[in-house]
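Worksheet: the structure to be examined is printed underneath.
Each value in this text was obtained by applying a stated rule to the coordinates, not by laboratory testing. This is a predicted model, so every value here is computed, not measured. Every residue, glycine among them, receives a Cβ derived from its backbone with ideal geometry; neighbour counts consider all protein chains shown.
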Amino acid sequence: MNGSEPDVKADTHLDRIGQIALTVSNIAHAKDFYQNTLGMRHLFDAGTMVFFQCGEIRLMIGAGKPVQPGGTILYFRVAEIHAAHAALEARGASFTHKPHLVAKMPDHELWMAFFADPDGNTLALMCEAPHTDAR
């Protein structure tokens, strides 16, 4: 350090996400999908960007080129994956993988279902459900 840099403690860690950004090819189509198909709360538009609130995290969707979807996956935590899957499918979401058991943990089962937004960005439903079998 040169004396003008702040002293960063070794135990510094990042444990909260404030915003996630996705790049899309058609901002109007993406805005409609995230707002009306997924039901996210729209916050504001700024130029070629649109912002939504998703729990404690802000989602920024921006138009840009080149669009190369597939590098980021957003996992949406839901209480009941089969009901959420049916509701989104009824609103036009196209699932690539229906709800399925991923792992049996000591205190719950991890279920997931995968779908895509209009630009092919992978999205997922994620449910940590109590065990369904008698143990």
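With r defined as the distance between the Cβ atoms of Ala90 and Asp15 and R0 fixed at 35 Å, what FRET efficiency is calculated, to the nearest 0.05?
0.45
Can you pull the percent of Cα pairs in region 19-129 with separation above 21 Å? List each step's numbers first, then the result.
Numbers: 2211 of 6105 pairs.
Above the 21 Å cut-off, region 19-129 has 36 percent of its Cα pairs.
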